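Peer 1: Below are the structure tokens for one structure; questions will follow.
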Amino acid sequence: YFGRLFYVFLLCFSMFYICHNNLKDKIFENVMFILIILIFYIYERFSGLQDILIFSFLVIISKYFSFLKNPNKIWYVLFILLGSNLIIWFKSEGIAYAAILILLLNFSNQIPKKIKIYSNLSYIFIIILKIIIYKYFDFTLNAQPYYLDYIFNLKFPIILHKLSFIIPFLFYYSLINIFFVVGFIILVALNLQKKFDNYIKILNYYFILNLIFIFCAYLLREHEIEHFVRTTMERIIFTSSGFYVFLIINFLKNLNKTFLK
């Protein structure tokens, strides 16, 4: 029970953190926090799966990326690295999400090249550290059946067959995930309005990298594709949607300020 309660606490903290700019009592931010928890809450999310942990950290880290547009807050890169390190240990897919976050740091124009190099080296170090620890304690490093022979011998008809399941389920589960679909709509709207600040560019890159990860995860794995997609696609969409939550919250805050003028 205490383990499950920690999942709930971490989720609530992540939502509270992005809804509030400070600890002052603001009615709108408190109402927004309560509403987003009520809309989001599904009992099955807290069954013990680590997806909720990665989701919560992506929510927090997305706010850190928004701070990077301020040169005086470049030290938030350290928090992003620490968050990436935690994500790596939650489950095997965490390595892919952490890699995406590190790539986003490399794509940011506000980060000096020296810090980007340190960030890349830090990511490599924590991956090597995980491998060493797993080998030392004789743990299985990765339970996902990805084989080089299968990847190199992947035929075009097999790719088309897999895509015939991946694309429809990706579209369906994206539509029923409120954070993913609303975040995508807001992102498209901001791009059409040509509001290309550093944070919007980061979100654009995240969307592209996230799609690449999803397609690769299914195309390169030797598994019965229909069952695999049906049982896992919803969780992958849910996990990755965490990065869009701060975009939605920030959009609602700006909308509220516009109405109050």
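Peer 1: Taking F165, is it at pLDDT 90 or above, open to solvent by less than 60 Å² (accessible area, probe 1.4 Å), touching an Asp or Glu at 6+ places or on another chain (Cβ under 9 Å) and farther than 26 Å from I87 by Cα?
Peer 2: Taking the combined requirement at face value, the residue satisfies it.
Every residue, every condition in (1) more than 16 Å from Y205 (Cβ to Cβ); (2) among the charged types (D, E, K, R), yes or no:
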{"site": "I54", "(1), (2)": "yes, no"}
{"site": "F65", "(1), (2)": "no, no"}
{"site": "I87", "(1), (2)": "yes, no"}
{"site": "Y97", "(1), (2)": "no, no"}
{"site": "N106", "(1), (2)": "no, no"}
{"site": "K113", "(1), (2)": "yes, yes"}
{"site": "D138", "(1), (2)": "yes, yes"}
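Peer 1: For segment 1-46, enumerate the residues that are small (G, A, S) and either modelled with pLDDT under 80 or open to solvent by 100 Å² or more (accessible area, probe 1.4 Å) (or both). It would help to see each step written out before you state the result.
Peer 2: Residues of segment 1-46 that are small (G, A, S), as a first pass: 3, 14.
If the condition is that a residue be small (G, A, S) and either modelled with pLDDT under 80 or open to solvent by 100 Å² or more (accessible area, probe 1.4 Å) (or both), then G3 is the only one that fits.
Peer 1: Another one. Please determine, by comparing only the residues of segment 196-213 that are in contact with a helix residue (DSSP H, G or I) (Cβ under 6 Å, 6 or more places away or on another chain) and within 26 Å of G48 (Cα to Cα), which one is most open to solvent (accessible area, probe 1.4 Å).
Peer 2: F213
Peer 1: Further, regarding this structure: For F251, state whether it is over 23 Å from I87 (Cα atoms), in contact (Cβ under 8 Å) with a residue 60 or more places away in the chain, in a helix (DSSP H, G or I) and open to solvent by 30 Å² or more (accessible area, probe 1.4 Å).
Peer 2: Spelling it out, F251 is indeed over 23 Å from I87 (Cα atoms), in contact (Cβ under 8 Å) with a residue 60 or more places away in the chain, in a helix (DSSP H, G or I) and open to solvent by 30 Å² or more (accessible area, probe 1.4 Å).
Peer 1: Here is a follow-up. Which condition breaks for Y146 when tested against (1) under 21 Å from I102 (Cβ atoms); (2) surrounded by 15 or more Cβ atoms within 10 Å (Cβ to Cβ); (3) at pLDDT below 90?
Peer 2: (2)
Peer 1: Okay, moving on. Assess whether L141 counts as being at pLDDT below 95 and part of a helix (DSSP H, G or I).
Peer 2: In short, no.
Peer 1: Test of understanding: among I36, I88, I100, I52, which residue is without any contact (Cβ under 8 Å) to a residue 60 or more places away in the chain and closer than 23 Å to I178 by Cβ?
Peer 2: I52
The values are calculated or read from the model by the stated rules, or taken from the named source; none is laboratory data. Fair warning: this is a prediction, and the values are worked out from it, not measured in the lab. All Cβ positions, even for glycine, are placed from backbone atoms using ideal geometry, and neighbour counts span all protein chains on display. Only protein heavy atoms, including side chains, enter the accessible area calculation; ligands, DNA and RNA are left aside. Shrake-Rupley method; radii C 1.70, N 1.55, O 1.52, S 1.80 Å.
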